[in-house]
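The next block holds one structure in the form of structure tokens; read it before the comments.
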Amino acid sequence: MRKKIAKAMKYTFFTIIGIIAIALLFPTWTPGIEGKNSISRLEQIDINGTGHEVMIRGVDRTNPVLLFVHGGPGCSEIPYVRKYQRELEQHFTIVHYDQRGSGKSYHFTEDYSNLTTDMLVDDLIALTKHVTEELQQDKVVLIGHSFGTYIGMKAVAKAPEQFQAYIGIGQMGDTVQSEIETLDYTIKQANTAGNTEDVRELELLRNAIHQGEGLTPRTFVQKYGGSARQISENGDYAAGFLFGPEYNGLDVIRFYTGILQSQDGLVREALEKPLPGLVDEVHVPVYFLMGQYDYMTTLKEADIYLNKLKAPRKELIVFHHSAHYPQFEENDRFTTWLYEHFKSS
């Protein structure tokens, strides 16, 4: 009897090990798209001496190119973004990539302790050149989201000839002023909800945030509706990690390891060097798409920045049912807006 139990335990052990190994190492891909001129590619390419994971999708590779710059820092959108871009793929060729040290672009043998936004900007410019050559296009429409707007704005200022236009979703402005506004909002919401313990904890952070030494904890921003109103961003990540073919278990480990290693330094850079002081003029059309309830990067600070920014054309578009993710929370309106502005270009 003992031998049978031992044998069963042995089989169980190796079965569990096998399942874990498969989860960690199964091959990743992005599903195909029908059409003789379609493109659906997920691959690692070398950009400035390090591998970057790039996903390109669309029914016709000759369509205008939208190049998305993810936020975080370190929060790739490749694991789940296909869910929101099915209609966009009919009209545009869409490029997502994991930034240096993020997600599938994180490499365990590389040192990211000195990672800066200038390095990420140079990577983005080099990637843009690669994409335009690969797709035989002259320029791309650059779309930054959240922290990706910090990188995107610096990129269009540095290499405007590569970009048809710039779109900032959840656009960053003065990070310190934005965080002060976010703190006030979360405290107000916590008071309204009668959560005195949350109020006490948040009030303890007031001096540090006013001094530009940190962010309002994102768990509180999420809890009180300043992150998402119509979607579950954490749920999207969980579903993508568990069921999406673009990421396996090892990629998930890369994702969180990259955040732990580089996020603090990059956030500190944004706090110490607010974007309006770095980029006050660009030579491409600029559009800020903001959720009315965004308290990750506030609407007020984005509007102040846009008013000061010099550009050949600039416009603020407010999504009234969204927080930090209007491109997902009001997906139909976002898709229609892009089509109307760039499909015929």
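Details
- At R0 = 25 Å, FRET efficiency that the Cβ-Cβ distance of Gln90 and Asp138 yields, to 0.05: 0.70
- Highest mobility in the GNM of the chain, judged by mean-square fluctuation with C-alpha springs under 10 Å and restricted to Phe92, Phe108, Phe288, is found for Phe108.
- Across the options His341, Ser105, Thr175, the greatest Cα extent toward the positive end of the charge dipole of the stretch 39-343 (unit charges at beta carbon of Lys, Arg, Asp, Glu) belongs to His341.
- Over the stretch 249-345, Cα pairs under 8 Å with separation of 6+ residues give a relative contact order of 25 percent.
- Helix-only [θ]222 nm of the chain, DSSP H runs n ≥ 4, -39500 (n - 2.57) each, per residue, nearest 500: -14000 deg cm²/dmol
- Selection among Ile125, Val54, His70 by position relative to the dipole of the chain gives Val54 as farthest towards the positive end (Cβ unit charges, Cα centre).
- Contact order relative to length of the chain, as percent, for alpha carbon pairs under 8 angstrom and 6 or more apart: 20
- One decimal place: the segment Lys83-Thr28 gains 18.1 nm when fully extended, by the rule 0.36 nm per residue minus the C-alpha distance.
- Potential extension, Glu201-Asp60 segment - 0.36 nm per residue separation minus Cα distance: 45.6 nm
- With a simple spin-label model that places each label point 7 Å from the Cα along the Cα-to-Cβ direction, the separation between Lys308 and Thr257 comes to 4.0 nm.
- Length gained on full extension, Lys36 to Arg218: 61.1 nm, using 0.36 nm per residue less the C-alpha separation.
- Projecting the Cα atoms of Gly194, Ala165, Gln137 onto the charge dipole of the chain, computed from C-beta unit charges around the Cα centre, puts Gly194 farthest toward the positive end.
- If both residues of a DSSP beta bridge must be in the chain, then about 35% of such bridges are antiparallel.
- Phi-derived couplings, Karplus 6.51 cos²θ - 1.76 cosθ + 1.60 at θ = phi - 60°, listed residue by residue for the stretch 77-86: 9, 4, x, 9, 5, 4, 3, 10, 10, 4 Hz, with x used for Gly and Pro.
- Distance between modelled label sites at Gln230 and Thr50, nm, 7 Å Cα→Cβ extension: 3.6
- Length-normalised contact order of the stretch 99-254 in % [C-alpha pairs under 8 Å, at least 6 apart]: 20
A short reminder: the numbers here are calculations on the coordinates, not readings from a lab. Note that the coordinates shown come from a computational prediction; the quantities given were computed from them, not determined experimentally. All Cβ positions, even for glycine, are placed from backbone atoms using ideal geometry, and neighbour counts span all protein chains on display.
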